[in-house]
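Novice: Got a structure for you, questions after.
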Amino acid sequence: MKQPVRVQSLDRAFDILTLLGEVQDGATLSEISEQLNLPKSTTHRLLNAMSQRAFVRKSERSGLYSLGHGLIDLCANHLNTLELKTESLPLMDELSAITGNIAFLAIRQHHEIVYIGSREQVTSLRDYSMIGQRRPLYASSLGKALLMDMDESEIRYLLKDVTFEKFGPNTHPNIDSLLADLRECRRRGWALDNQETKLNVHCVAAPIYDYRGH
């Protein structure tokens, strides 16, 4: 049985993060070095590297090191996804019951959407087993809703290598067409799929904002 590969610098960095996660008020360079039995020069180098990525922060007043906001940002998408599904299910049930249609929940991953939840009425005969499936951002109301808080320059960069394929009669043929649609989406606060994903299929979607307003 193969032994797991260990990278010493990574192990030490994780040891520092674990230590800082266990102390309430932070720790000095000397304290971290002593508790982990590391040379001060090595400890200082690792702390500087993690500080540059905001995983660790140093108080200018006290000189104490503590965990930084970079770790929160790193975990935010995962934590938001877990909480999002839990909090959304009752509302999706209600939405599906009121409209008589299926309600989908999706997140953005790079230049695609990923379906993470759906609710529909028991009487539905349609097959919507789409959880985990991916779709392009430009060809659905969900995708456009997830682009609504991005600047046009960011969207151009995000989709610069994407080929706009035609899925329905009204699929956007290019980035300029999509951006014009997104301006209207932002104006009214929700996105519309008017036969862009499939013939005779219409969908509406609205963004759900996280604690940062994104």
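The values are calculated or read from the model by the stated rules, or taken from the named source; none is laboratory data. Everything quoted here is computed from the prediction, not taken from an experiment. Note: ideal-geometry Cβ built from the backbone for every residue, glycine included; neighbour counts use all protein chains shown. SASA here: full protein model, heavy atoms, side chains in, ligands and nucleic acids out. Shrake-Rupley method; radii C 1.70, N 1.55, O 1.52, S 1.80 Å.
Novice: If you go through region 134-145 one residue at a time, do you hit one that is touching a Pro at 6+ places or on another chain (Cβ under 9 Å), crowded, with 19+ Cβ neighbours inside 10 Å and not in a strand (DSSP E or B)? Give the derivation first.
Specialist: First pass over region 134-145, keeping only residues touching a Pro at 6+ places or on another chain (Cβ under 9 Å): 143, 145.
Remaining after also requiring crowded, with 19+ Cβ neighbours inside 10 Å: 143, 145.
When the remaining residues are screened for being not in a strand (DSSP E or B), the result is 143, 145.
Within region 134-145, one or more residues are touching a Pro at 6+ places or on another chain (Cβ under 9 Å), crowded, with 19+ Cβ neighbours inside 10 Å and not in a strand (DSSP E or B).
Novice: Another one. Give the residues of region 161-182 that are within 23 Å of the chain's Cα centre (by Cα), in a helix (DSSP H, G or I) and over 15 Å from residue 145 (Cα atoms), sorted by residue number.
Specialist: Result: 175, single match.
Novice: Does residue 34 meet the test of being more than 16 Å from the chain's Cα centre (by Cα), open to solvent by 100 Å² or more (accessible area, probe 1.4 Å) and without any contact (Cβ under 8 Å) to a residue 60 or more places away in the chain? Outline the logic, then answer.
Specialist: Values: more than 16 Å from the chain's Cα centre (by Cα): yes; open to solvent by 100 Å² or more (accessible area, probe 1.4 Å): yes; without any contact (Cβ under 8 Å) to a residue 60 or more places away in the chain: yes.
Against the criterion (more than 16 Å from the chain's Cα centre (by Cα), open to solvent by 100 Å² or more (accessible area, probe 1.4 Å) and without any contact (Cβ under 8 Å) to a residue 60 or more places away in the chain), residue 34 qualifies.
Novice: For residue 15, work out the one condition from (1) closer than 26 Å to residue 212 by Cβ; (2) surrounded by 13 or more Cβ atoms within 10 Å (Cβ to Cβ) it doesn't fulfil.
Specialist: Answer for residue 15: the failing condition is (1).
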